[in-house]
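Values in this text are rule-based calculations from the coordinates and carry no lab data. These figures come from a predicted structure and were not determined experimentally. Note: ideal-geometry Cβ built from the backbone for every residue, glycine included; neighbour counts use all protein chains shown.
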Amino acid sequence: MTITGDLATFLSAAHALPTDAPACPKAVFLVAPEGFSLADESASDNRYMDLHQRVDPERALAQHRGLHRALAGRLPTICFAGDPATPDAVFPNNVFATAPGRVLLAHMRHAVRQREADRADILAFFTCTLGYELRDLRRLPGVGELTGSLVIDRARQIGFCGLSERCDEAGAAAMHAAFGLRATLLFDLAPGEYHANVVLSVLAGRAVSICADGFADPAVPAAIASLYPGQAIMLDSGERLAFAGNCIAPTAEAVWMSQAAADGLRPASRAGFERAGFTVRSVALDEIEKAGGSLRCCVGEVY
């Protein structure tokens, strides 16, 4: 298994790999935004948050229920109850993630998010109900916020890991091993970016959306795009700020993003998704987006 920051080494390994693993999850899971509020700790390194904004917890819940209904019409979608003591728990993909037969617990940076991993019900669902093996990364060195920091091409079993305050090299190595990835590329995010999944998404193993200005080195997004010839949708800074980069394809025929993100797509970007075989589907999440994340952040995947 290869984990490297060298583009040539990574590309050589990645180009040689087959696309022989499931590209999309068999189910997804959510955590309801009970007592929705903005967390001061999280805002310290998330430039998409503004603590001066007022939030409406009931509106956040209603929008989240809309997301649940929409996704449940496409694939099995489980929603766990929220907890006002963990206001960022609406973004569970940072704390809990799966690989076939395994559930991972993240080593989170902030204490307000570390508390989420203590939830017995979510962990028991995976370990007892599904019989998954637990990989607890909290016991290992390094910080790594799972599929927030690490964007995975599940078909090839390769990862793209953005280093920031939320993920260091030790944390990246721990995630690479726990997911059982064949190759992982390490790269620095642009100053101010906190998670790779805000600026990058691999879609059903056959396409990729990229916000190039979210990377410190412009050679990195170009290299990633080269792995998906003709199927790389390059998003601009306006689309990134609208959270279009925070999208997901939980099934092979559609890419999901927030309504604000979909409304902000340029015609060329929308055509790029359609050319790659995806219908753009959206759900209003502007209340939840005040917490600095969007639709992809709300969705945990079950493999």
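Which whole-number percent gives the relative contact order of the stretch 2-302, counting Cα pairs below 8 Å spaced six or more residues apart?
RCO, the stretch 2-302: 23 percent.
Listing I224, I248 from the residue with the fewest other Cβ atoms within 10 Å to the one with the most, what is the order?
Neighbour counts put them in this order, fewest first: I224, I248.
Would you mind telling me the antiparallel percentage of the DSSP bridges in the stretch 150-303, rounded to 5?
Details: 12 of 27 bridges.
Around 45 percent antiparallel, to the nearest 5.
Restricting to DSSP H runs of at least four residues, report the calculated mean residue ellipticity at 222 nm for the chain, -39500 (n - 2.57) per run over all residues, nearest 500 deg cm²/dmol.
Calculated from helices alone, the mean residue ellipticity at 222 nm is -7000 deg cm²/dmol.
So how do 94-101, 109-116 stack up, highest first, on mean other-Cβ count within 10 Å?
Values: 94-101: 21.6, 109-116: 18.2.
Result, highest mean Cβ count within 10 Å first: 94-101, 109-116.
How big is D for the chain, in µm² s⁻¹ as a whole number, if Stokes-Einstein is applied with the Kirkwood radius of its Cα pairs at 37 °C and 0.692 mPa s? The partial results should precede the final answer.
Working: Rh = 18.8 Å.
The diffusion coefficient I find is 175 µm²/s.
Subtract the Cα-Cα distance of R275 and H52 from 0.36 nm times their separation in residues, and report this length gain in nm to one decimal. Spell out each step's value before the answer.
Details: separation 223, 0.36 × 223 = 80.28 nm, distance 4.00 nm.
That pair, R275 and H52, stretches by 76.3 nm at full extension.
Ranked by Cβ crowding within 10 angstrom, fewest neighbours first, how are H176, H68 ordered?
On the way: H176 22, H68 18.
So the ranking, lowest neighbour count to highest, is H68, H176.
As a test, work out the antiparallel percent of DSSP beta bridges whose residues both lie in the chain, rounded to the nearest 5. Spell out each step's value before the answer.
Numbers: 21 of 47 bridges.
Here the antiparallel bridges make up roughly 45 percent for the chain.
Which residue fluctuates most in the GNM of the chain (Cα springs below 10 Å): E41, E165, E239?
Highest fluctuation of the listed residues: E41.
Measure out, as a whole number of angstrom, how far apart the alpha-carbon centroids of the stretch 267-303 and the stretch 86-146 sit.
23
Taking the Cα centre of the stretch 151-252 as the origin, how large is its charge dipole in debye, to the nearest 20, when only Lys and Arg (+1) and Asp and Glu (-1) carry charge on their Cβ atoms?
Details: 6 positive and 10 negative charges, 106 e Å.
The dipole of the stretch 151-252 has a size of about 500 debye.
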